[in-house]
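Okay, so here's the structure we're looking at.
Just so it is clear, none of the values below were taken in a lab; they were calculated from the coordinates. Fair warning: this is a prediction, and the values are worked out from it, not measured in the lab. In this analysis, Cβ positions are derived from the backbone assuming ideal geometry, glycine residues included, and neighbour counts consider all displayed protein chains.
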Amino acid sequence: MTVQTIEIGPSDRIAYAHTPPSAAEGVTFVGFNALTGDMAGFENTLGAAVRAAGHGTLWWDYRGQGQSPVGDATPVGEAQIAGDAKTLLDTVAPQRPVLLGLSVGGLYAARAWLAGAHATGLVFVNTLRRDGPRLKWVNGALTRLAATGGLELIKDAYLPLLTNESWQAENAQSFLQPGGYTPLDRSAGIFRLIESGEQVDWDLPYEDLSLPVLNVTGLQDRIFYDEADVTRLLTRLPDVRPVALPDAGHLIPIERPQALAQELLTFAEEFST
C-alpha cells in the first residue's frame with residue numbers, strides 16, 4: 001500500500017492510498033474509518049478481496065488519525081472531516097466512487113455527499129443509530145476512557161460488547177494484558193478526534209440521501225444496535241438495500257471480512273453494467 005499525501009497547511013496533511021480499478025466497469029471503494037481506526041483496517045480486511053474482483057480502493061486517514069497529522073489550532077470534527085473527504089475525492093477523482101463508512105464513518109461519508117462530494121453509492125456499516133441520552137453517555141464515556149487509559153483501555157472495555165462471541169473466543173488472549181494503561185495526551189490528534197465524537201449531529205436528513213445505499217448491520221453489536229431504531233431509520237432512506245448479519249457485531253470488517261466483501265461486491269454489480 002503506497003501512501004500519498006495532500007498538503008492542507010504547515011502542520012496538516014491528508015494521507016491516502018489509492019489503487020484504481022483494474023476493470024473498466026469497476027467501482028472504487030472509498031473508506032471512511034471509525035474514530036479509533038485508520039486506513040490499514042480497511043486495507044487488511046477488504047482490500048485484496050475487492051481488488052481481486054476488478055474494483056479499486058481509496059483508503060485515507062482523518063487528520064489526527066493514522067498517518068494524517070493535524071495542527072494544534074486546527075478544529076477537528078464532523079464538518080472538517082466531511083470537507084476533507086470532498087477535497088480528497090476532488091483531488092484524486094476516483095472511478096465510480098462508492099463511499100464505505102464504518103460506524104460514525106458512515107455519517108461522515110453521508111455528510112460529504114450532502115456537501116457535494118461525488119459518489120455512485122453509499123455503504124453504511126453499523127452506522128444507523130438514534131441520538132439520545134444513551135448515545136451521549138456512551139460517547140462521553142469513550143472520551144473518559146481515552147483520557148484515563150488510552151486506546152488499550154477502550155479496547156478492553158468495549159470489544160466484548162462490540163464483537164461476536166466467536167471472535168472474542170479467538171482473540172481474548174490478546175487483551176487484558178498486565179502492566180496497566182497509558183492515558184492519551186489530550187492535545188494529541190487521536191484524542192481530539194475521539195472527543196469530537198461527543199458533538200456529532202446524528203440527525204441526518206436520510207430522506208435526502210437519494211443515491212443507492214447498502215446498509216449492513218451486525219446483530220451482535222451490544223452497544224449501538226437497536227432493532228426498532230434501525231428499522232425506523234431504514235424507512236427514511238429512499239433507495240436502500242438492508243443486510244443483517246446475525247453472526248457479526250459492530251466491527252464487521254475484522255469479524256466477518258469475507259461476508260462483508262461479498263455484500264460489497266454484490267452492491268458494486270449494480271454500477272458495473
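Here the Karplus relation 6.51 cos²θ - 1.76 cosθ + 1.60, evaluated at θ = phi - 60°, turns the backbone of the stretch 171-177 into coupling constants of 10, 4, 5, 8, 10, 6, 7 Hz, with x for every Gly and Pro. For the Cα trace of the stretch 102-195, dividing Rg by the Kirkwood Rh returns an Rg/Rh value of 1.03. Remark: the stretch 116-130, residue by residue, has Karplus-estimated 3J(HN,Hα) of x, 5, 6, 7, 8, x, 9, 10, 9, 10, 6, 9, 5, 7, 9 Hz, where x stands for each Gly or Pro and the curve is 6.51 cos²θ - 1.76 cosθ + 1.60 at θ = phi - 60°. Residues whose amide H lies under 5 Å from that of residue 220, counting only those 5 or more places away or on a different chain, are 248, 249; hydrogens are built 1.01 Å from N in the peptide plane. Please label the shape of the stretch 194-273 as rounded, prolate or oblate, based on the square roots a ≥ b ≥ c of the eigenvalues of the alpha-carbon gyration tensor (a/c under 1.5 means rounded; beyond that, a/b larger than b/c means prolate, else oblate). Here the stretch 194-273 falls in the oblate category. With 0.36 nm allotted per residue and the present C-alpha distance subtracted, the residue 185-residue 227 stretch has 11.5 nm of extension available.
Averaging over all projection directions, the Cα-based convex hull of the stretch 45-117 occupies 5.4 nm² in the image plane. Electrostatic bookkeeping for residue 57 treats Lys and Arg as +1 and Asp and Glu as -1; over the other residues with beta carbon under 11 Å from its beta carbon, the sum is 0. Anisotropy class assigned to the stretch 135-268 is oblate, per the alpha carbon gyration tensor with a/c at or over the 1.5 cut-off and a/b no larger than b/c. Amide H to amide H, with H built 1.01 Å from N, residue 13 comes under 5 Å of 8, counting only residues 5 or more places away or on other chains.
Cα-based radius of gyration for the stretch 1-155, normalised by 2.2 N^0.38 Å, reads 1.05.
Largest GNM mean-square fluctuation across 259, 109, 146, computed for the chain with C-alpha springs under 10 Å, falls on 259. Each Lys and Arg Cβ is given +1 and each Asp and Glu Cβ -1; about its Cα centre, the stretch 1-150 then shows a dipole of about 520 debye.
Within the shell defined by Cβ-Cβ distances under 9 Å, the residues around residue 181 carry a net charge of -2, with Lys and Arg each +1 and Asp and Glu each -1. As a size descriptor, the averaged projected area of the C-alpha convex hull of the stretch 170-216 was calculated at 6.8 nm².
When +1 charges are put on Lys and Arg Cβ atoms and -1 charges on Asp and Glu Cβ atoms, the dipole computed for the stretch 6-74 relative to its Cα centre reaches about 140 debye.
Would you please state the base-10 log of I(q)/I(0) at q = 0.23 1/Å for the stretch 3-75, with intensities from the Debye formula using one equal scatterer on every alpha carbon? Summing over Cα pairs of the stretch 3-75 leads to -0.95. Among the helices of the chain, those built from whole DSSP H runs whose Cα atoms reach 24 Å or more along their own axis and whose mean Kyte-Doolittle hydropathy is at least 0.0 are 133-162. Connecting C-alpha atoms closer than 10 Å in a GNM of the chain, tell me which of 242, 20, 133 has the biggest fluctuation. Of the options given, 133 has the highest mean-square fluctuation. Residues considered: 16, 206, 225. Largest GNM mean-square fluctuation over the chain, using C-alpha springs under 10 Å, is found at 206. Charge dipole of the chain (Cα centre as origin; +1 on each Lys and Arg Cβ, -1 on each Asp and Glu Cβ, all else neutral): 140 debye, rounded to the nearest 20. Here's the picture: charge each Lys and Arg Cβ at +1 and each Asp and Glu Cβ at -1 in the chain, and of 139, 37, 238 the one pushed furthest to the positive end of that dipole is 139.
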